[in-house]
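Here is the structure we will look at.
The values are calculated or read from the model by the stated rules, or taken from the named source; none is laboratory data. Just so we're clear, the structure is a prediction, and the values are computed from it rather than from any experiment. So basically every Cβ, Gly included, is an ideal-geometry build from the backbone, and we count neighbours across all protein chains shown. Surface accessibility is based on the protein's heavy atoms, side chains included, excluding ligands, DNA and RNA. Shrake-Rupley method; radii C 1.70, N 1.55, O 1.52, S 1.80 Å.
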Amino acid sequence: MKKIVFYIVLSSMVSSIITIAAYKQYSKGISTPFPSYTNSLSSNSKKTDYLGNSSLVSSAGLPDFTRVVDKTIHAVVNVKNYSKNYNNNQFDPFDFFFGYPDDFGGKEKKPQKNDVPGLHGSGVIISPDGYVVTNNHVVKDAEKIEITLNDQRTYRAKLIGTDPSTDIALLKINENNLPFIYFSDSNKVQVGEWVLAIGNPFDLNSTVTAGIISAKNRNLGILKGEAPSAIESFFQTDAAVNPGNSGGALVNTNGELIGINTAISSSSGNFIGYSFAAPSNLVAKVIKDIKKYGSVQRAYLGIKGIDLSKVEYLKYYNKETNQNIKPQQGFLIIEVFNKSGAYDAGIKKRDIIKNIDGHPIQNVADLSFIVGTKHPGDKITINIVRDGKKKTFNVILKDLLGRIKIRTKEEISPSELLGATFESISKDYKNDFDIDYGILIKEIKEGRLSSIGMEEGDIILSINGKKMKKPSDVDRVLKKYSGDVTIKSIKQNGQVYIAGFEMD
C-alpha cells in the first residue's frame, strides 16, 4: 500500500514539473518582440530594452507582469476636466464609458468657477517633452485641464486638438524628460494575447488589470452621436476597465502601447466582462495629423453600404430590393457618391468589397479602420465581387471636398480649423442680447469649437480680446497666429461663455 501511495505522489510531482516546463517553453514561443514602431512625436527618443521572456513567467510558472508594469505605469496620468458646463444632475450616457462626475448621484451643485473637476479620466504620455493622448470625451467642454503624474506632480495642460470621429484628444504639458510609452503596431495584435490596462478607475490612481485580447475590430456605435463619420474598430479585452479608465493605456507584454482604453460594455456603468480600446495605429495617425497639420487629414472612399455580417439588415435589404444575397464576409455597397475615389475607379452599387490592400474585410469595422488610417491622395487596392465575378480596382482616396492632397497648416484657414461657418448677427439678435457686435455660428462640424463645447446658434463676441463684427474677422485675427486662443461668446440661453485652446 505504501509503495502505491509513493508511486502516486511521484507521478504527481513528475506531472507538475512537466506542466511547468511546458508552460515556460510555450511562453518563450509567444513572447516575441514586436517590430520597432517608435513614436515620431518624440525626436530624442531612444528605444527601450525588450523585456525578455524571463520577465513574463514567475518562478512558479505563472504570468508575471511586474517588469512590464514598472516600465509603463509612470507614463499613465490622471486627467481632470474643469468645466463651467458641469452639472451633477445632468445625465450623460457616456458617463458609463468615460468616468463619473464627482459626487455623481448626489445633491445638485452648480460651481460658479472652474475650480471643481467635472470628470476624471486617464491619459498616456507619448513623448518625453510632455505630449499626452487621451479620449475626446475626457476633455470635452473643458475650461481647464489638469494632469497629475504618477509621482503626484500636477500640471495645467493645453488642448492641442481633438478628433470626435475616433474619440481621441492630444494634450501638452510644459515639462521634459518624462517617462513615456512607445507605440506598437496594432496590426500585429492577436486574439488571445496577454494585455494590461493601466488607468485611474474611480479616481484611484495607477490601477493595473490584466486580461487577453478577446476580439478585434468591434463596432459599438457609441461615437455616431459625436461625429457622423465615426471610426470604430475597437480591441475587445477582458481586462477590467471601469469609469475613469477612459484615455488610459492598453499595453502588450513588451510594455508597448497597443490601444487607448475607451469604453466598457455594461448596463450598470461598472465592468461586467468586456472593455474596448482604440487601436494604436489609428491613434498614432490622428495625433500625428493634429500635431503636424492642426487637424486630422481624413480620407474617404465615398460609399455607403451594409455590413454583410448583420443578418437582420441584410434580410431587410433583400426584401426591399428583391435580392437574395447571403450572409458572408464583406461589405455590400448600396450607394457610390459622385466624384468620389470609388466612383472615379469604377466601383458600382451592389459590388461586395472582399479585401483592401490584401486585408480581408469581415465587417464595417475593418473597412472604416483601414480607410481611417489613410490620408487624401493615398492609393488602395480593393478586391470586390460583382455578379459572382472577382474584380480589382485601384482607388485614390479623397477628402470630403474631393481633394487628393494633404493640406499644410498654411493652406487651412482658421475658420476651417475651428470647424464652423459664421454670419453677421441680425438686429433681432442685437436687441435680444443687448449687444452691438458679434458673429453667429451658423454651422458647426468637427473642430476646435465643438471640442470646447460651442454649438450652432452661439454668438462669438471676441477672439483674443478682438471684437468680432463680421465673419472675416475670424481669419483676420487668427491667420498665422500661434499660442493660446481665448473665445468669449454668448450661449443661446444668454449665458456668457469663455473657453480656449492652443493653436500652433
Query - Neighbours by Cβ (under 8 Å, 6+ apart or cross-chain): first from the stretch 416-433, open to solvent by 60 Å² or more (accessible area, probe 1.4 Å); second polar (S, T, N, Q) and part of a helix (DSSP H, G or I) - result: 421/415
Query raised in the report: Within the stretch 135-174, how many residues turn out to be of a type outside the set (Ser, Thr, Tyr), within 17 Å of residue 483 (Cα to Cα) and in contact (Cβ under 8 Å) with a residue 24 or more places away in the chain?
Result: 13
Report summary line: For the stretch 151-167 the number of residues that are touching a Ser or Thr at 6+ places or on another chain (Cβ under 6 Å) and either surrounded by fewer than 18 Cβ atoms within 10 Å (Cβ to Cβ) or under 16 Å from residue 500 (Cα atoms) (or both) is 2
**Report entry** Residue count for the stretch 379-389, restricted to those that are buried (at least 16 other Cβ atoms within 10 Å of the Cβ) and either within 12 Å of residue 341 (Cβ to Cβ) or in contact (Cβ under 8 Å) with a residue 60 or more places away in the chain (or both)
**Finding:** 2
Query raised in the report: Yes or no: residue 248 open to solvent by less than 50 Å² (accessible area, probe 1.4 Å) and free of Cβ contacts under 8 Å to residues at least 24 places away in the same chain?
Result: no
Query raised in the report: residue 392 passes all but one of (1) surrounded by 13 or more Cβ atoms within 10 Å (Cβ to Cβ); (2) within 27 Å of residue 322 (Cα to Cα); (3) modelled with pLDDT of 95 or more; which number fails?
Result: (1)
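Could you look through the stretch 458-483, keep only residues that are exposed (fewer than 12 other Cβ atoms within 10 Å of the Cβ) and either under 28 Å from the mean Cα position of the chain (by Cα) or at pLDDT below 90 (or both), and pick out the one that is nearest to residue 438 (Cα to Cα)?
This residue is 479.
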Query raised in the report: Restricting to the stretch 315-339, what's the tally of residues that are in contact (Cβ under 8 Å) with a residue 40 or more places away in the chain and within 26 Å of the chain's Cα centre (by Cα)?
Result: 1
Report task. Mind checking which strands (runs of 3 or more DSSP E) fall wholly inside the stretch 129-232 and carry at least 1 residues that are of a type in the set (S, T, N, Q) and closer than 21 Å to residue 447 by Cα? Result -> 131-135, 154-163
